[in-house]
Amino acid sequence: MSAEEGEEEEDARKSSACGLLVLYNSVFRRSGRQNERQPSTPTSSSSRGSPKLTPSNSKRRRPGSDEASLLASSAVAFHASLPHHHKPDAGAAPAYHKAAAMQKEAGRNGGARATTRCGSIVAAELDSMIHDHQRTRGSGALVRASSGNVMLFGNLGNIRAPGAVTAGRNVLDNLPKTAKETSDGKQQDSEAEAAAPAEVLCRALSRRLDPEELKEMGNEEYKNGRFAEAVALYDRAILIDPGKAPYWSNKAAALMGMGRLLEAVAECKEAVRIDPAYGRAHLRLGTLYLRLGEAEKAIHHYKLAKGDASSRDVTQAQALQMHLFKCDDARKRKDWHGLLQESQSAVSAGADSSPQIFAYQEEALLALHRQEEAEATLRNAPKFDVDASTKFFGGPSNAYFLAVRALVDMAAGRFEEALNISQKAARIDPGSREVSAVARKARLAAQARSKGNDLFKASKYWEACIAYEEGLGHDPHNAILLCNRAAARSKLCQWEKAVDDCTIALKMRPSYTKARLRRADCNAKLERWEASIQDYEVLMHEMPGDEEVSKALSDARLQLEKRRDCSNNFITITSKDQFNQFIASSRLSVALLFNKSRDVSSQTVSLVEQLSKQYAAVNFLKVDLERDPKLAECESSLPVIKFYKSGTCIESISASDHDELESSLKTLSK
């Protein structure tokens, strides 16, 4: 295209090409004589009426002033060329005013001034050119020409043009790249770097992208699963013609594919506002409301969709409505099993992204002490912005969602997060007693846990144990606090109580590794090798390759083998010398003293024999005093049980008091 042809078209004032000729003649086209100049030398235009890009101060050119003025004039002109009902909404106003300011600034500095009619298509034509150029290089990504990449104006003349000074450079390489472009660029073949013919660029500059064409391109991206690219194309079509309902509805579909459901609802609302009879938008909006758990609204829009919605859609929404009613009723009655069942049915009915349904499930699972399942449900729950969720679902509902989330975080040991979220919920709905109670519970439990941890680190185990108990007073079923108290009790050699705490914690959180490890260690200290081995074997599956667990398991197995190899520790005494030999040992000995004339009950003998298997490190002596008269010299009340250590009797109890026997044995065997 020559300068003379551009001049004729300017006289004819054809809107489809005049702005392009201005840009092309002023910036892109360079004669052979100009190519010999320095690259920084401004290019002048020979066409009549073309804007002059040379600044008034030729000695020092202001960087970017020409490009900014061209961009600004095109943005302002585009806005002015729209019909009144197609003007951008309030959200687009800042960009328009910024463009106007850029144009005004460019005018003050002697920059280029394009006519409104010519500048109205510059931005759109640049985007079209970039798009076509990338298509020739095998890339489908879009690059928006903006003030952020305004360097484009200074380099477009050198894109693979014959005789260009920088024939080996590609201007698109100077632009910021998206993540997709970066990954795609690594896979491109060297042949894709072949020079694009100048005719392709001229053809790209010779036409303007139609919004319908943009929509079709967006549809193709959507079909290929590239939802972000589809959204960008639909946005471009909306920018050109915001009065078309299908553009908004298609954008909503792409947003749904990205999981941005609340934004998709807003786009569908705009579509039905533009065209209240647009059935497909009503259908899509009904589906969105169904997924978000808004059954009544879903039914309303399904009915407005008429032929686009089937009777099955309405029936599904009505079924969801019934499940929601049953959920509310079960929660009021604190029927946690019923609440869990109905909430799961609601998800099956289509409410797979409803925060309310997920909150119901989490609350029910916590009440049933199934904390790990509650945490897994929270991970799968939809993640919406707090402010957007409050606006969409309402303050009380969103405060309830956050309060339940705080309870799950607290059960998982994330006390600080639980505190922050519960306080946020209390600010959203300050009048809710339920939400306020959760915030208070989170605050007191977090304080107790922090205090206990500080005392434990300072080796003040007794005080730490008390602090953890204070926290459990506010949250009795908190597995983390129970395990922490078990750690303090273990340090105090209260191994039996530590085992009990760990067992309760593991009932609520079966995969709680720290609690299982602590219980295995305490059982090993109590010489309960079978129970210790059982926990260590589970830990080996959960922590394969852990050297400490592997060593502890080997030690426990070795100790069990030693006990099995040893002779029976339930020994029948036949002489006083044998009796004295056992009680003189530093090992604890438990002696059951009786005679046939004062018979001992079979229950007592059976209990002692059973305890001998449980306490392998203790000698259990069965002493019939009639076997040797010397044994009965100092005994008057029979039967009796005595505890000996290093030749000294340290405790004596009645043989019929079985509870006292077990309690004393637990205490003295430590």
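Okay, here's what the table says:
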item: Region 350-377: number of residues that are hydroxyl-bearing (Ser, Thr, Tyr) and more than 18 Å from the chain's Cα centre (by Cα); result: 1
item: Verdict on Leu444 being over 18 Å from Ala505 (Cβ atoms) and touching a His at 6+ places or on another chain (Cβ under 6 Å); result: yes
item: Test for Arg440: is it basic (Lys, Arg), surrounded by fewer than 17 Cβ atoms within 10 Å (Cβ to Cβ), part of a helix (DSSP H, G or I) and without any contact (Cβ under 8 Å) to a residue 60 or more places away in the chain; result: yes
item: Residue under evaluation Ala411, criteria (1) in contact (Cβ under 8 Å) with a residue 40 or more places away in the chain; (2) under 25 Å from Glu548 (Cβ atoms), criterion not met; result: (2)
item: Helices (runs of 4 or more DSSP H) contained in region 452-541 and holding at least 2 residues in contact with a Gly (Cβ under 8 Å, 6 or more places away or on another chain); result: 461-474, 479-491
item: In region 284-313, residue farthest from Gly394 (Cα to Cα) [restricted to those that are at pLDDT below 95 and in contact with a Lys or Arg (Cβ under 8 Å, 6 or more places away or on another chain)]; result: Asp308
item: Helices (runs of 4 or more DSSP H) contained entirely in region 354-395, each with at least 3 residues that are within 20 Å of Glu294 (Cβ to Cβ) and either touching a helix residue (DSSP H, G or I) at 6+ places or on another chain (Cβ under 7 Å) or among the hydroxyl-bearing types (Ser, Thr, Tyr) (or both); result: 355-367, 386-393
item: Top-ranked residue of region 236-287 - restricted to ones that are part of a helix (DSSP H, G or I) and aromatic (Phe, Trp, Tyr), ranked as surrounded by the most Cβ atoms within 10 Å (Cβ to Cβ); result: Tyr247
item: Which listed residue, of Ser354, Ser345, is buried (at least 19 other Cβ atoms within 10 Å of the Cβ) and either in contact (Cβ under 8 Å) with a residue 12 or more places away in the chain or under 26 Å from Ile504 (Cβ atoms) (or both); result: Ser354
item: Selected residue (criterion: surrounded by the fewest Cβ atoms within 10 Å (Cβ to Cβ)) from residues of region 641-670 that are in a helix (DSSP H, G or I) and of a type in the set (Asp, Glu); result: Asp659
item: Test: residue in region 337-350 that is touching a Phe, Trp or Tyr at 6+ places or on another chain (Cβ under 9 Å) and not in a helix (DSSP H, G or I); result: no
item: Filter result for Ala486 (within 20 Å of Asp521 (Cβ to Cβ) and of a type outside the set (Val, Ile, Thr)); result: yes
item: Answer from Leu378, Leu368, Leu339 - the residue that is outside the structural domain of Ala298 (by TED's automatic domain parsing) and surrounded by fewer than 16 Cβ atoms within 10 Å (Cβ to Cβ); result: Leu368
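The values are calculated or read from the model by the stated rules, or taken from the named source; none is laboratory data. For clarity, every value in this text was computed on a predicted model and none was experimentally measured. With ideal geometry, Cβ positions are generated from the backbone for all residues, glycine too; neighbour counts draw on all protein chains shown.
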